[in-house]
Ligand SMILES: [Zn+2]
């Protein structure tokens, strides 16, 4: 099994005192820039009665008001196109994405805008590797996030995108691809299909993200298919925030971000092991998101030294989402968004999305109850399925059910998955 590399010793092996000083300087510089360029940052600072000079070091971080990801769709609708979050002219951007939410996400300058390069180096990617990238390149940014990081390390990328499993097997096999990028469930589907087709894939290392990655799946990939898969955590808005080293046991926080885990009620830092909302600050001049509440709930690992020699604290793991959203096949689905998509179907009275998991694959079904007196016309379930797929970017099976199937007060999304 190949080794991983420390990509940047100056950052990845910084001692805690140097790290605080470094992050404090980056924060001060970013706040000064963002305050002068981003209307949103100016608005929230004015509202809090503070100016950029009030943020001089990391100790001043909590003076900055939190911006919630859940508020971004409304902010962007009120102040098009980016809600005042963008701090450069749109002409300076490389790409613009439209993630479900809907949220517009910009890609600014640089060959590794989203900072995934360090994560891929830790996973063992190296110059000359052929990497099949099965993350989506369409509208959502993950495909390009991983593509850019791999390219900037000198890997050769096959931009496979989502789906067409058999084609991807043939291509990965013909090219002798040694690396994989994408979701863990598709990695599993791919290597399994390769075996069924008599083309066992030569993938040695994988970087997986955007989904829960159960240890049972990691063990199966390693034991049965010879693939070492390490994971990272990031968001469409802020890029890479944490990544695993070969020692595993949590994901090191990315040294070029400030990641807080805040108690859901007190909004004070959660102690290691206690779940809290992940609130992250990035230093990007194009999109300087300061204290951005991701909506993801995670826990920090107990402090300690890691045998890999990286010094950043670790995120022990993710445990869910704040509010009404779950991730299915790497995409967020939200009760409010499903309700909005179903507004065009007056025959529908109630619904529930049911998420289950079998053979390491997510399965999404919508239980749909019709209104009193409404008859199920021909093709209705297909039309509902198409509309929901368009809105959620993930396919679900629609089950038209008699009235009374869903108990009173049932949740709009019933996530029945367990992660072991
Ligand atoms: Zn480590």
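In Å, what Kirkwood hydrodynamic radius results for the chain from the alpha-carbon pair distances?
Evaluated over the chain, this radius sits at 22.6 Å.
Please report Rg (one decimal) and Dmax (integer) in Å for the Cα set of region 255-307.
According to the Cα coordinates of region 255-307, Rg and Dmax are 12.2, 35 Å.
For region 65-218, which semi-axes, largest first and in whole Å, follow from the square roots of 5 times the eigenvalues of its Cα gyration tensor?
Working: eigenvalues 207, 57, 37 Å².
The three semi-axes for region 65-218 are 32, 17, 14 Å.
What ranking of 401, 185 emerges when the number of other C-beta atoms within 10 Å of each C-beta is taken as an exposure proxy, fewest first?
Details: 401 17, 185 22.
Taking fewest neighbouring Cβ atoms as first place, the list is 401, 185.
How far apart, in nanometres, would the label points at residue 410 and residue 10 be if each is projected 7 angstrom from Cα along the Cα-to-Cβ direction?
Label-label distance for residue 410 and residue 10, simple model: 5.8 nm.
Neighbouring Cβ atoms within 10 Å as the yardstick, rank 308, 240, 155 fewest first. It would help to have the intermediate numbers written out before the result.
On the way: 308 18, 240 26, 155 22.
So the ranking, lowest neighbour count to highest, is 308, 155, 240.
Give the calculated FRET efficiency between residue 37 and residue 78 to the nearest 0.05, with a Förster radius of 22 Å applied to their Cβ-Cβ distance. Each step should come with its number before you reach the end.
Details: r = 19 Å, r/R0 = 0.86.
According to the calculation, E is roughly 0.70.
For a label point 7 angstrom out from the Cα of residue 420 toward its Cβ, which stretches of region 185-220 have the backbone nitrogen within less than 13 Å?
In region 185-220, the label zone of residue 420 (backbone N under 13 Å from the point 7 Å along Cα→Cβ) covers 215-217.
If you take the C-alpha gyration tensor of region 128-275, multiply each eigenvalue by 5 and take the square root, what semi-axes do you get, largest first, in whole Å? Write down the numbers at each step before the final one.
Values: eigenvalues 176, 59, 35 Å².
The equivalent ellipsoid of region 128-275 has semi-axes of 30, 17, 13 Å.
Just round it to a whole percent: the fraction of Cα-Cα distances in region 328-415 exceeding 20 Å. Numbers along the way, then the final one.
Working: 1096 of 3828 pairs.
Across region 328-415, Cα pairs with separations above 20 Å total 29 percent.
Mean separation of Cα pairs under 8 Å and 6+ residues apart, divided by the residue count of region 90-164: what relative contact order is that in percent?
On the way: 120 pairs, mean separation 23.2, N = 75.
Across region 90-164, relative contact order equals 31 percent.
Sorted from fewest to most neighbouring beta carbons within 10 Å, what does the list 115, 350 look like? Walk me through the numbers before you get to the answer.
Values: 115 25, 350 19.
Listing 115, 350 from fewest to most nearby Cβ atoms yields 350, 115.
Over the chain, what is the mean sequence separation of C-alpha contacts under 8 Å (at least six apart), divided by residue count, expressed as relative contact order in percent? Before the final figure, lay out the partial values.
Working: 860 pairs, mean separation 55.8, N = 420.
It rounds to 13 percent for the chain.
Which three numbers, in whole Å and largest first, are the semi-axes of the equivalent ellipsoid of region 137-212 derived from its Cα gyration tensor as √(5λ)?
On the way: eigenvalues 78, 39, 25 Å².
Values for region 137-212, descending: 20, 14, 11 Å.
For labels at residue 195 and residue 389 in the simple 7 Å Cα→Cβ model, what's the distance in nm?
2.9
Divide by every residue of the chain the summed helix terms, -39500 (n - 2.57) for each DSSP H run of at least 4, and state the resulting mean residue ellipticity at 222 nm, rounded to the nearest 500 deg cm²/dmol. Working shown, then result.
Details: 11 runs with 116 residues, N = 420.
Taken over the chain, the calculation gives -8500 deg cm²/dmol.
When the chain is modelled as a GNM with alpha-carbon springs shorter than 10 Å, which of 188, 180, 243 fluctuates the most?
Its mean-square fluctuation being the largest, the pick is 188.
Among 125, 225, 213, determine the one that fluctuates most according to a GNM of the chain built with springs between C-alpha atoms less than 10 Å apart.
Fluctuation is largest for 225.
Region 288-378: D in µm²/s via Stokes-Einstein (Kirkwood Rh, Cα pairs, 4 °C, 1.567 mPa s)? Could the numbers behind the result be given before it?
Working: Rh = 17.0 Å.
Approximately 76 µm²/s, per Stokes-Einstein.
Could you work out which residue, out of 356, 257, 30, moves most in a Gaussian network model of the chain, that is, has the largest mean-square fluctuation with Cα springs under 10 Å?
Top of the fluctuation ranking is 356.
Roughly how many nanometres apart are two label points built 7 Å out from the Cα toward the Cβ at residue 339 and residue 48?
For the pair residue 339/residue 48, the computed spacing is 3.1 nm.
Rule-based calculations on the coordinates, nothing more; no lab input. Fair warning: this is a prediction, and the values are worked out from it, not measured in the lab. All Cβ positions, glycine included, derive from the backbone under ideal geometry; neighbour counts span all protein chains shown.
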